[in-house]
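We did not get these values from a lab; they are worked out from the coordinates using the rules stated. Source: prediction; values computed, not measured. For neighbour counting, all protein chains shown are included, and Cβ atoms are generated from backbone atoms with ideal geometry for every residue, glycine included.
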Amino acid sequence: MIVLALNCGSSSVKFRLSHVQPGAPEGEHERSLARGLLEGLPAGEAVLSLRVGERVEREKVVLRSYEGAVRHALDRVTDPALGLPAIAAVGHRVVHGGARFTRPTLIDPEVMAVLEELEALAPLHNAPSLAGIRATRMTLGLGTPMAAVFDTAFHASLPEHASHYAISSDLARRHGIRRFGFHGLSYQSVLASYCRMTGTPLERATLIVLHLGNGCSAAAIKDGRSVDTSMGFTPLEGLVMGTRSGDLDPALVGYLARKERASIETVEEWLNGQSGLLGLSGLTHDVRTLVARESDHPGARLALEVFCYRARKYVGAYLAALGGAQAMVFTGGIGENSPEIRARILEGMEWCGLRLDPVLNSRSGAEGRISPPDAALPTYVIPTDEELIIAQETALCVGKLKKTLRM
Ligand code: ADP
């Protein structure tokens, strides 16, 4: 099946057209035909990079909205000049599935209505994917089935003691408050790669994974299922991120609102958009610049110290939650590409078997083990591939629909 996987984020749209064959032998599930990245969203001058086979094109485009970005991406992949096959199904990454969506779901008008309700709950996170769904429907029409694949779904397995906040049960029930967890597609992808790489059956994989990108989170995976994760009701909780604070004393929200005479929405905007590495350093959210400026910029040094310390605390907590793990995995833009940050997070953790091999760790971006062969707790870098999971889940979901229609 020819599937277009769309991953609409707050500042970029990633897409991939691939030939997906669920049930095919290992390594033949998916063949990528074209992949693209539109950066600089939602409005203004954006850059589209499109790779078809060995050919790579870069093009500047002026965009007015997420819808416009997705329509542009669709126009390019359906351009007859590229000679790509027709799209049979589209898969959309949706960040927040709430309590309703715990598995990939075909998008029909009823599902769309529920997704729109959820948008009110998570406006910062779901708006780009909903815009992507609407734009795809308008461009490709009703004849092309679409599936929504949720970042929260992988964490539907969280046990009660990890999914509950210690607030009044009545309030939690009335407002649907629980810890949902995010980055689920990334964790699914890393878990599958770890199992393939090490020959571990999925139901026996017990891992701690750090997904460190613009958004950062940690997950404790026991026997192939998520049993704890650092993001909660929204993707604000947990680790220090590019512009998000992660964990803090909840009393700070009211305190800042009163002291600064600011609305709750303004304080939330500070915590989501002006905090984390950017807020601590007063310089940038980009780890590459922070590492380069650390020696002459006290803010850069502080930001990296808080970032690494918080991540190390979560590793320790998840070792306790899991009662020990088989492996520790780094993924995401920072986790895959920054040997310095990986080494600093695990500094002083030899006591629990976490030790890096400096030569193996210095390789960036490549999949593989970065700890010495005799480390009691092996550590790996595994590049995440969210679009692959979107494509595979969409093919399964649409394949089931086609079987049902034939019956
Ligand atoms: P997103 O969460 O938006 O998908 P990514 O996973 O692509 O983001 O991660 C983006 C982050 O990765 C950037 O903030 C950047 O700081 C970081 N990054 C990318 N390459 C490197 C590198 N070589 N060293 C350190 N950090 C890097």
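Remarks
- The GluC sites (Glu not before Pro) of region 1-47 that DSSP puts in a loop, and whose beta carbon has at most 14 other beta carbons within 10 Å, are E26, E28.
- Taking other C-beta atoms within 10 angstrom as a stand-in for reagent exposure, V149, V20, V114, V56 fall in the order V56, V114, V20, V149, fewest first.
- Counting neighbouring Cβ atoms within 10 Å and putting the fewest first, the residues S362, S189 line up as S362, S189.
- Å³ per residue enclosed by the Cα convex hull of region 210-250: 70
- Averaging 1/r over each pair of different alpha-carbon atoms in region 294-380 and inverting the result gives 13.5 Å, the Kirkwood hydrodynamic radius.
- Dimensions (Å) - the chain, Cα atoms, principal axes, largest first: 57, 56, 46
- Length-normalised contact order of region 4-147 in % [C-alpha pairs under 8 Å, at least 6 apart]: 24
- DSSP beta bridges in the chain [antiparallel fraction, %, rounded to 5]: 75
- Backbone amide hydrogens, once placed in the peptide plane, bring V329 within less than 5 Å of I208, V209, L210, Y380, excluding anything fewer than 5 places away on its chain.
- Protection proxy ranking, highest mean first, for peptides 68-74, 248-254, 98-104: 68-74, 98-104, 248-254, where packing is the per-residue count of other beta-carbon atoms within 10 Å, averaged.
- Cleavage-rule hits (trypsin sites (Lys or Arg not before Pro)) in region 195-269: DSSP loop, at most 16 neighbouring Cβ within 10 angstrom: R261
- When you restrict to C-alpha pairs under 8 Å that are six or more residues apart and normalise by the size of region 124-204, the relative contact order lands at 28 percent.
- Karplus-derived 3J(HN,Hα), 6.51/-1.76/1.60, for each residue of region 344-350, Hz, glycine and proline x: 6, 5, 8, 4, x, 9, 4
- Amide H contacts for R355 (H built 1.01 Å from N in the peptide plane; partners 5 or more residues away or on another chain; cut-off under 5 Å): L377.
- Mean sequence separation of contacting Cα pairs (under 8 Å, at least six apart), scaled by the length of the chain, corresponds to a relative contact order of 15 percent.
- Residues in region 137-167 that a label on A86 would reach, taking backbone N under 20 Å of a point 7 Å out along Cα→Cβ: 137-147
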